[in-house]
Structure formats: structure tokens, C-alpha cells
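These notes concern the structure reproduced below.
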Amino acid sequence: MRPLTLDSLNPAVAKVEYAVRGELAIKAEAHREKLKEGNHGLPFDKVISSNIGNPQQKGLDQQPITFTRQVAALMEWPALAELAPNAFPKDVIARAKELSDEIGSVGAYSHSQGVPFIRKSVAKFIEDRDGYPSNPNHIFLTGGASTGVSLLISMLITPPNSGILIPIPQYPLYTATLAQHNGTALPYHLDESSGWSTSVESIEAAIEKATREGIVSKALVIINPGNPTGALLDEATQVKLLELCEKHSLVLLADEVYQANLHQPTAYPFTSFKKLVAQTQSPVPLVSFHSISKGVSGECGRRGGYFECTNFPEEIIAQIYKMVSVGLCPPVSGQIGVDSMVRPPKPGDESYALWKKETDSIHAALAERTGTMSKRLNALPGVSCVDSPGALYLYPQIRLSEKAQEAARGAGKEPDAFYALALLDKTGICVVPGSGFGQKEGEWHYRLTCLCPGVEEYVGKLETFHKEFVAQYGV
Ligand SMILES: Cc1ncc(COP(=O)(O)O)c(C=O)c1O
């Protein structure tokens, strides 16, 4: 029998990289295990997971929204409504009954595209948000945004010479999925000096370069609000991006999973691409992705999300339907999470006051932490940090001296990974080096989340570490 070796695998697998769960995260796990031993010898007593936007992760303080969990509990075990009649507000009981009548048991497969009733709720949410119609038959419920992104990329790529335009820095789902499906990542750079803005010119330049290299640009990925940058697009830029997609026949993949994470909503509001496509009557085929993992819901483990297709021919919708049918259906508990996200309690409902209090406090904590962290990071020697108006992250730039770069080379690491590993080993804080998201040649960054409680202590540790690093290696 031939042995099963790495060479036996699809060669695309070897090309897949996913930094958010990469070397740093693996080492952080090892430290966490070591801390359980009495005599661990580590210079810290806890690992702080600042590497992934996973708001309900152990050690962080974001609590699930009570309404969401109460509906989920009744859907899991409907008998609870009779066993503990006083434990649930009336609107929760009514919601669970309504969903149960539509879905039946959460243990049964649903419609492959997602429960029709929940898709109608999503369409209503989109209509209320944008003021334009939404067709439930063009909405697909998913197991998180990731499965939707992955499906669309797999369907759009036509090997061997097609590619998708992705922002740099980007969320590594895009490069990983492109690698898996033998597509080419066509990077365009966001401009850090103007708050990580997106320029049409840099995308045009990336398309021209791809054309010169014989690669057909099939789609444009926009992450708004951005990950890892937290930047928000203004409407004028969004309209220009639609014009660019029309000019170059690109499908627009709008990753809008952070649409509810806005720290300064008056100065930096969110406008969906769907709204602008409708408003300008743009013919651009658009897919917009949303998720229950982010926003105030933070239900990453429940795996729920959706994508809406606009300007897609019915024959392509039918092909998408065929492809999702192969996976039978998205997780039903995730679909119920989507329903709670798009249909939260309204004023007058028994659950409303608590829902409002919980969601207000999540928004306030995130805005406060983001502001404090960016201010304090900016004050450090050799660090500059754009204050992000949205999403869950900061992406500070760190200047690393020739001496630090040499030490990194000696350790066989990228300089930013060297910095991040030293930070983890000294403080227990786990961040992701910028090389996982992409950055300009000779520039170094890291991404950290703004979800960690005890911001004073946490930022204090970052500051002390950075100053010691600078004392050792210069700046
Ligand atoms: C920009 C972006 N898109 C998509 C996702 C995937 O989220 P999920 O699959 O949990 O919905 C993430 C997760 O962090 C993200 O940051």
C-alpha cells in the first residue's frame, strides 16, 4: 500500500494559510495549558486572547444577548415554556412559538437555502435598513459568513487564470479560500496615511497588472467596516467603486459583517452597498454578507449568517441553490440566531428594556476600549495607530529597527512575528502579526482586538513590553 503522505493531498491544501489561528494562537494555547501546571515558570498568570474577534470567548466579558439565548433555549427544548412559565418574557414565548410553527424541530434539516420564514425576516431587515426591496428568494442563510464567502469564491474562480481583487490588509479568509480553489489573489492596497481609505486608482492599477499577467479579474472584495483596519467607506467612494465594477464587469463581494459595530456612528455611519446599488440603479452583481458572529450578537460558535444576491440572473441563483443543497442546510440553531439578530425586541415588547441595556453597554465598551487603546498605542515610540471607527480591531504600525530585524532573521521569523511572539512570551497577550493580513514591503503591523476587559491593565502590559523591546533593540 502506498503510504499516506502530504504529497497525497490536493496541492492547493499546502498553499492555504490562516494566520488568525496560526503560530501565535497555537503557542498561546500551549501557554494556557502550561499555566494549569503549578510551577509553570511563565512571567504571566493568564493568556489574553487578542488575536481573534470572538467576543464571547472565555476570558472576555461580552455576555450573550438574553433575548437571543431565551429564544434559542425554547427552540432547543420547547417543554421549557410550560416547565418554567415565569422564566420567559411573553414576547420570547410568542417568538419561539412562531418559529416552532414554521421550523418544527431544530434537529431536522431545513430548506437548503434556509428556513423561508427566516429569509423573509432577513429581507424585511434589509428593507428597513436600506429603504429598498429585498427578495427572500435571493437570500441564502449560511453557517457564518465564511461558508458563503467560500462558496461564492469557489463558484466565481475559473482556473487557471482568474483572480479576485482583495484589499491589503485583508481578512485571511480571502487568501486562504482563493488558495484552496486555485484562484489568484489580486491585492490592492488601502492607504494607511488617510485612515486606511480605499482608492479606486489602486484597484485600477491592480486590474491593469492582472491583465498584463494574463489574469482575468472576476470580482472585487470590499470589507466594510474593515478588518483588520476598522475603516468605514463613505458613500461617494462606494458609488465610485460600483462604477469601477460596472466598467470592469466585476462581481462585488461586500463583506459587511461589522455593519453594527460602529464606534462613532454620527461621524462615520454605515451605508450598505445594497442600498447604493438600488439608489443608483447600478447593474453590478452584488453579494452582501452578514453574520451573527459580530455586531452585538457575538454568537461566533452558533454559526449563522446570510448573503443576499442582487442583480444575479435566476439561472445563477439556481446554481447557488444546487451547490448549497449539496451541504443539505445551514445549522438550524444558527438560522434561529439570524432571526434574533434581524428581529430584535421592539419598544413596547417585554424584552426591549433589557435588550437595549445590554446592546448599549456592548457598544459603549467597544467604543471606549478602541479609543483608549488607539490613543495610548499612538503615544508609544515608533508606533502609529489609526483610530478605527468600526469593527472590533486596531492595526497599529510598529517601526522595527535593523537590530530587531536582524534578531528576527536569526530566529527564522518575520520581524512582526518576532515582535508578536516576544509580546506573547513576556505578557501572555496574543495578537496576530501583520504578515497574516498583508502590508507594504518594509512595514510592520499587528492586529489586536478591542474586546479585552481591564483595558488599563492590558494596555499597561503592552506599553511596558514595547518600551522594553525598544530599550533592547532601539527604534
Ligand atoms: C471580515 C470578516 N468576514 C467574515 C468573517 C467570518 O465570520 P463568520 O464566519 O464567523 O460569520 C470574519 C470573522 O472574523 C471577518 O472578520
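Structure above, values below:
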quantity	calculated
Checking Pro136 against (1) open to solvent by less than 10 Å² (accessible area, probe 1.4 Å); (2) out of contact with any strand residue (DSSP E or B) (no Cβ under 9 Å at 6 or more places or on another chain), the condition it does not meet	(1)
Of residues in segment 223-266 being surrounded by fewer than 24 Cβ atoms within 10 Å (Cβ to Cβ) and part of a strand (DSSP E or B), the one farthest from the ligand (Cβ to nearest atom)	Val251
Total residues in segment 122-146, condition farther than 23 Å from Glu315 by Cβ, away from the ligand (no atom under 16 Å from the Cβ) and of a type in the set (Gly, Ala, Ser)	1
Residue under evaluation Pro269, criteria (1) open to solvent by less than 30 Å² (accessible area, probe 1.4 Å); (2) under 19 Å from the mean Cα position of the chain (by Cα); (3) more than 16 Å from the ligand (Cβ to nearest atom), criterion not met	(1)
Neighbours by Cβ (under 6 Å, 6+ apart or cross-chain): first from segment 319-342, more than 18 Å from Ile93 (Cα to Cα); second basic (Lys, Arg)	Pro331/Arg303; Gly334/Arg302; Gly334/Arg303
Looking only at segment 52-90, and only at residues there that are modelled with pLDDT of 90 or more, within 16 Å of the ligand (Cβ to nearest atom) and polar (S, T, N, Q), the one that is surrounded by the fewest Cβ atoms within 10 Å (Cβ to Cβ)	Gln56
Complete set of residues in segment 182-214 that are part of a loop (DSSP other than H, G, I, E, B) and within 16 Å of Asp234 (Cβ to Cβ)	Leu190, Gly195, Trp196, Thr198, Ser199
Test result for Glu17, open to solvent by 80 Å² or more (accessible area, probe 1.4 Å), within 16 Å of the ligand (Cβ to nearest atom) and of a type outside the set (Ser, Thr, Tyr)	yes
Which listed residue, of Val122, Val71, is assigned by TED's automatic domain parsing to the domain that holds Val296 and touching a helix residue (DSSP H, G or I) at 6+ places or on another chain (Cβ under 6 Å)	Val122
Qualifying positions in segment 147-179 - of a type outside the set (A, V, I, L, M), closer than 19 Å to Gly438 by Cα, more than 12 Å from the ligand (Cβ to nearest atom) and open to solvent by less than 20 Å² (accessible area, probe 1.4 Å)	Gly163
Selection status of Pro330, at pLDDT 95 or above, away from the ligand (no atom under 16 Å from the Cβ), assigned to a loop (DSSP other than H, G, I, E, B) and buried (at least 18 other Cβ atoms within 10 Å of the Cβ)	no
Test: residue in segment 312-326 that is under 22 Å from Ile103 (Cβ atoms) and open to solvent by 40 Å² or more (accessible area, probe 1.4 Å)	yes
Residue in segment 202-218 that is away from the ligand (no atom under 15 Å from the Cβ), under 26 Å from Arg447 (Cα atoms) and open to solvent by 10 Å² or more (accessible area, probe 1.4 Å) present	yes
Some residue of segment 384-399 being surrounded by fewer than 23 Cβ atoms within 10 Å (Cβ to Cβ) and out of contact with any strand residue (DSSP E or B) (no Cβ under 9 Å at 6 or more places or on another chain)	no
Options Val338, Val287, Val324; residue that is under 21 Å from the mean Cα position of the chain (by Cα) and either away from the ligand (no atom under 16 Å from the Cβ) or in a helix (DSSP H, G or I) (or both)	Val338
Residue ID - farthest from Ile139 (Cα to Cα), chosen from residues in segment 303-318 that are outside any loop (DSSP other than H, G, I, E, B) and without any contact (Cβ under 8 Å) to a residue 60 or more places away in the chain	Glu315
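The values are calculated or read from the model by the stated rules, or taken from the named source; none is laboratory data. Everything numeric here is computed off the predicted structure, so don't read it as measured data. Backbone-built Cβ (ideal geometry, glycine too); neighbour counts: all protein chains shown. In case anyone asks, the SASA skips ligands and DNA or RNA and just uses the protein heavy atoms, side chains included. Shrake-Rupley method; radii C 1.70, N 1.55, O 1.52, S 1.80 Å.
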